[in-house]
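One structure is given here, and the rest of the page talks about it.
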Amino acid sequence: QVQLVDSGGGSVQAGDSLRLSCRISGRSFSALNAAWFRQASGKERVFVAGITWNADSSYYADSVKGRFTISRDNAKNTVYLQMNSLKPEDTAVYYCAARYSDRLSRYPYEYAYWGQGTKVTVSS
């Protein structure tokens, strides 16, 4: 079985940075595509960033492009989301997700494995 544990959230000021981590346990971590989603209070869960199993491809939601960077360390079974220049509208619970596939997806329903979420609050 595959298990994901998200961490790294917190409360920061606008313009600050945070790095989220997602440790993935279970078999064949290196074969998993991974992504980060976020869900603001009262809103649906939306795609933030995704990365392929071998890190040769990644893509981002327009709202975070140029500010957020997704990466992975297969030796540590960990996926990261570096978030810079944070804005109040980035406030949400952030979830790591993973799937076995040969392509990335921005749709939550296509991910079989999820972390428990980590809360990010950005104040102005």
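The values are calculated or read from the model by the stated rules, or taken from the named source; none is laboratory data. Please read all numbers here as calculations on a predicted model, not as lab measurements. Methodologically, a virtual Cβ is constructed for each residue, glycine included, from the backbone with ideal geometry; neighbour enumeration extends over all protein chains shown. The area values use the complete protein model at the heavy-atom level, side chains included, leaving out ligands, DNA and RNA. Shrake-Rupley method; radii C 1.70, N 1.55, O 1.52, S 1.80 Å.
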Check whether at least one residue in region 103-114 is exposed (fewer than 15 other Cβ atoms within 10 Å of the Cβ), touching a strand residue (DSSP E or B) at 6+ places or on another chain (Cβ under 9 Å), under 23 Å from VAL2 (Cβ atoms) and charged (D, E, K, R), and report yes or no.
yes
Restricting region 4-26 to residues that are in a strand (DSSP E or B) and either among the polar types (S, T, N, Q) or in contact with a Pro (Cβ under 8 Å, 6 or more places away or on another chain) (or both), the one farthest from SER124 (Cα to Cα) turns out to be SER25
Among strands (runs of 3 or more DSSP E) completely within region 27-101, the ones holding 2 or more residues that are open to solvent by less than 20 Å² (accessible area, probe 1.4 Å) and modelled with pLDDT of 95 or more are 32-39, 46-51, 68-73, 78-83, 92-100
Checked pairs for region 95-122, first closer than 22 Å to ASN74 by Cα and of a type in the set (S, T, N, Q), second assigned to a loop (DSSP other than H, G, I, E, B) and open to solvent by less than 50 Å² (accessible area, probe 1.4 Å), C-beta under 7 Å and 6 or more apart or across chains, list as THR118/GLY8; THR118/GLY9
Filtering region 97-112 down to residues that are in contact with a Phe, Trp or Tyr (Cβ under 9 Å, 6 or more places away or on another chain) and not hydrophobic (A, V, I, L, M, F, W, C) yields ARG99, TYR100, SER101, ASP102, SER105, ARG106, TYR107, PRO108, TYR111
*Does ALA55 satisfy being out of contact with any strand residue (DSSP E or B) (no Cβ under 6 Å at 6 or more places or on another chain) and not hydroxyl-bearing (Ser, Thr, Tyr)?*
no
Among residues of region 11-39 being touching a strand residue (DSSP E or B) at 6+ places or on another chain (Cβ under 8 Å) and of a type in the set (S, T, N, Q), the residue nearest to TYR111 (Cα to Cα) is ASN33
